[in-house]
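The next block holds one structure in the form of structure tokens; read it before the comments.
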Amino acid sequence: MIRKALSSISFFHKQLLTTVFVNILSLSVMLIFFFSAFTSYYKNNLLEVMSSKATLLGSTTTSALDFGDAESATISLSSLEQFDDIRYAQIYDADKMLFAEYSRPGVQISKAINDFQVNNFFENQFAYVWESIVRNDEIIGFIVLSADTGSFQVQQWQFLFVAALVFLSSGLLAYVLNLRLQKLMLTPINELVGLVKYVTESKMYDKRVYSANRDEIGDLIAGVNSMLGTIQKHESELFRRANYDELTDLPNRHLLMERLSHAIYSASRHQSQIALLFLDLDRFKVVNDSLGHSIGDELLIQVSKKLASIVRKSDSVCRLGGDEFVILLEDIRHIEDIKFISQKIISDLGEPTDMQGHLLHISTSIGVARFPHDGEDGIELLKHADIAMYEAKSQGPGNICFFNQEMLRKSVNRLTIETQVYEAFQRGEFFLMYQPQISVTSGQIVGFEALIRWKRNGQFVPPCEFLPVVEEIGLMTEVSHWVLEQACSQNVIWQKEGLRLIKIAVNLPASFLMSVGCVDRVSTILAESGLPPEYLEIEITEESFLTSASSTIVVLHGLKRLGINIAVDDFGTGYSSMRYLQDLPIQSLKIDGYFVDGMEASDRSQGIVKSIIALSKNLDLVVVAECVETKKQFDILEEMRCDIIQGYLFSKPLHFDEASRYLASSPSDLGFARLAG
């Protein structure tokens, strides 16, 4: 019957009745709570007041009990007459014999002291309190108080009367106000409900509700509209953050893998190929550490723009993080297309870039993996492209490598080397060897080049294998510092033994030169070892000053002011620039062994070497030829007026004790004697 009646009532009235009912229920609960709290507070307060009065009277009647002065105790009790609620008060001695008493007229003593089981309680609308009278931890008597709670009952009735008025008024007011509010709220709320249904079903946040109301309903509608706008904006931002790189605005790894999966699926259906190009900028860490992250970030932005301009619109350029980029080439028909794009990337990125006054030369190493040749899914392709990139990097800046299975084996070996290199340095397994440098005109030894070596499991590990790893794991600065210390200290030992005064040459990488306090660090090593600076030669490669010429030139001038000789190593293999030769404070050029090795078979190689020697003479620089291994090479270099020879023709790299004997074996024409032999 009730259910049927409720079902015939409209939702509007159901909500109204529910609101009024909840209002009445809330008021009822609140009134009960307040009434209960009021009663509890009154009783607790009354007992607390009576207890404090009993304690006070007990302390003032201690002397009366001691001297049996009942009259004095009675006078003290009579002070309670001013408190209307107190019915009577009694004092008993230690034997619970009545000693003194006060009571209001017409009041009968309703409780004997022996009837008290607890210190305070209520009974028949009367309150009772019983306290011991103590002196020096000895109970000498007891005091009993009784109070009437009649005034409390009057207050209870008054409270209930006021509560009833509030209850009825609130119920009526709630009904009237809710009736009015329901009518005002119903239309916009229905619109909001429709909007919520739309958002829930469509997962779209483009729809809005409009209202002319300027009250809370209007604020609610405006809030919902604003919330939907915020959600729509945040969803767009979250999508961008989840799928695009914040710095370059290129797709990130997540979006790359999605596109790669789709490309693999499409290539499988259409029997086509895709290529994944993994790019890593060479020497970017040097730029970032030496010139600051702001220039590094700007450089990454410029690189991303160049890459995007090179590839087709159907291809994807992605940034994985740091200086690593990946390019996804779809619908590849010929491998030559991959090579063309890769060469275009290397060429365009290799052009000098002006960054806040710093002219930077950036090259990149590219590893290529193809589907379906090099992998069946995106993860495998990305891994193999990464491995191919490391192989390209090991061959020098600006190289391209296509993945093959041999690279996978080398990659596993590389991971092993990374762990072993760090442990080897900690255990002091690195050591130096020294290769003599011989004057072409006098045949005398004029210097040694210090070369770092490492033996692993009894076998020499080629420097070209472990030095790139040293650089990548962040040990190069520490290792370079150690090499300098060792080389300087050992040259000092030779000098103290009275051997020929020679230069010791140490090749320092760009990361060391660009590290903070490089000049001070070198100066400290010279001071601690005791080596005069003119007997130290620091070799740098062209790549060192091409990465950030202005910063490197400042460092080299600082080293020059210390009295150190500066030489450019492997000259001719990098991006040679006459302007840098003019600006750099160098005294020597070292011809790369690649050109020396080709002189016997190639007139062009001879021409290059001859040009470098002529350039050196015109700039008043000492020229050194590396990797000289045959008498014919020596004769050609001698005819070209090369100054210094270094190579196996005279000596392989020597251990310290072998170098000592080599240095002491002959004070003159050592080189020519060995050449003649």
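The values are calculated or read from the model by the stated rules, or taken from the named source; none is laboratory data. Computed from a predicted structure; not experimentally measured. Neighbour counts run over all protein chains shown; Cβ positions are idealised from the backbone, glycine included.
Odds and ends about this structure:
- Checking the stated criteria, G229 turns out not to satisfy the condition of being in a helix (DSSP H, G or I) and closer than 30 Å to A510 by Cβ.
- Residues within the stretch 170-226 that are more than 40 Å from the chain's Cα centre (by Cα), of a type in the set (D, E) and either under 30 Å from V29 (Cα atoms) or modelled with pLDDT of 70 or more (or both), tallied: 3
- Scanning the stretch 91-132 for residues that are free of Cβ contacts under 8 Å to residues at least 12 places away in the same chain and among the polar types (S, T, N, Q) gives Q108, Q117.
- Condition check for E298: surrounded by 13 or more Cβ atoms within 10 Å (Cβ to Cβ) and either in contact (Cβ under 8 Å) with a residue 24 or more places away in the chain or part of a helix (DSSP H, G or I) (or both): yes
- Residue match in the stretch 77-94 (condition: at pLDDT 80 or above and β-branched (V, I, T)): yes
- If the condition is being closer than 21 Å to G607 by Cβ and not hydrophobic (A, V, I, L, M, F, W, C), then the stretch 635-667 contributes D635, E638, E639, R641, D643, G647.
- The set of residues in the stretch 489-510 that are out of contact with any Gly (no Cβ under 8 Å at 6 or more places or on another chain), part of a helix (DSSP H, G or I) and surrounded by fewer than 23 Cβ atoms within 10 Å (Cβ to Cβ) comprises S489, Q490, I493, W494, Q495, K496.
- When P462, P468 are checked against the criterion of being free of Cβ contacts under 8 Å to residues at least 24 places away in the same chain and not assigned by TED's automatic domain parsing to the domain that holds P397, P462 stands alone in meeting it.
- Entry remark, the stretch 263-276: residues being over 23 Å from I366 (Cβ atoms) and either part of a helix (DSSP H, G or I) or in contact with a Gly (Cβ under 8 Å, 6 or more places away or on another chain) (or both) number 5 in total.
- Answer from L256, L277, L247, L260 - the residue that is under 25 Å from A392 (Cβ atoms), surrounded by fewer than 16 Cβ atoms within 10 Å (Cβ to Cβ) and within 37 Å of the chain's Cα centre (by Cα): L247
- Residue within the stretch 565-574 that is at pLDDT 90 or above, under 30 Å from N399 (Cα atoms) and under 37 Å from the mean Cα position of the chain (by Cα) present: no
- Any pair with Cβ under 6 angstrom, 6 or more apart, that starts in the stretch 209-231 at a residue that is of a type in the set (S, T, Y) and ends at one that is at pLDDT below 75: S211/P188; S211/G218; S211/I221
- For the stretch 26-75, a tally of residues being out of contact with any Phe, Trp or Tyr (no Cβ under 9 Å at 6 or more places or on another chain), of a type outside the set (A, V, I, L, M) and assigned to a helix (DSSP H, G or I) returns 19.
- Test: residue in the stretch 233-246 that is within 23 Å of M389 (Cα to Cα), in contact (Cβ under 8 Å) with a residue 40 or more places away in the chain and not assigned by TED's automatic domain parsing to the domain that holds A385: yes
- Boolean, A73 is farther than 30 Å from F34 by Cβ, touching a strand residue (DSSP E or B) at 6+ places or on another chain (Cβ under 9 Å) and assigned by TED's automatic domain parsing to the domain that holds S28: yes
- The residues of the stretch 454-488 that are part of a loop (DSSP other than H, G, I, E, B) and touching a helix residue (DSSP H, G or I) at 6+ places or on another chain (Cβ under 8 Å), listed by number, are V461, I473, L475.
- Any chance L531 is in contact with a Leu (Cβ under 6 Å, 6 or more places away or on another chain), closer than 22 Å to M433 by Cβ and either among the charged types (D, E, K, R) or in contact (Cβ under 8 Å) with a residue 40 or more places away in the chain (or both): no
- Yes/no for S268 being more than 30 Å from V470 (Cβ to Cβ), surrounded by fewer than 17 Cβ atoms within 10 Å (Cβ to Cβ) and in contact (Cβ under 8 Å) with a residue 12 or more places away in the chain: yes
- Only a single criterion out of (1) surrounded by 12 or more Cβ atoms within 10 Å (Cβ to Cβ); (2) in contact with a strand residue (DSSP E or B) (Cβ under 9 Å, 6 or more places away or on another chain); (3) among the hydrophobic types (A, V, I, L, M, F, W, C) is not satisfied by F460, namely (1).
- From the list A54, A64, the one residue that fits, being farther than 22 Å from D115 by Cα and either among the aliphatic types (A, V, I, L, M) or under 60 Å from the mean Cα position of the chain (by Cα) (or both), is A64.
- Subset of the stretch 511-538 [outside any helix (DSSP H, G or I) and modelled with pLDDT under 95]: M514, S515, V516, G517
- Considering G367, G357, the condition of being surrounded by 14 or more Cβ atoms within 10 Å (Cβ to Cβ) and in contact (Cβ under 8 Å) with a residue 60 or more places away in the chain is satisfied by G367 alone.
- The listed residue being at pLDDT 90 or above and acidic (D, E), out of E600, E626: E626
- Filter result for D280 (in contact with a helix residue (DSSP H, G or I) (Cβ under 7 Å, 6 or more places away or on another chain), in contact (Cβ under 8 Å) with a residue 60 or more places away in the chain and not aliphatic (A, V, I, L, M)): yes
- Strands (runs of 3 or more DSSP E) lying entirely in the stretch 328-428 (those with 1 or more residues that are modelled with pLDDT under 85 and not assigned by TED's automatic domain parsing to the domain that holds D570): 353-355, 358-360
- Subset of the stretch 506-517 [in contact (Cβ under 8 Å) with a residue 40 or more places away in the chain and either closer than 16 Å to D289 by Cα or acidic (D, E) (or both)]: A510, S511, L513, M514, S515
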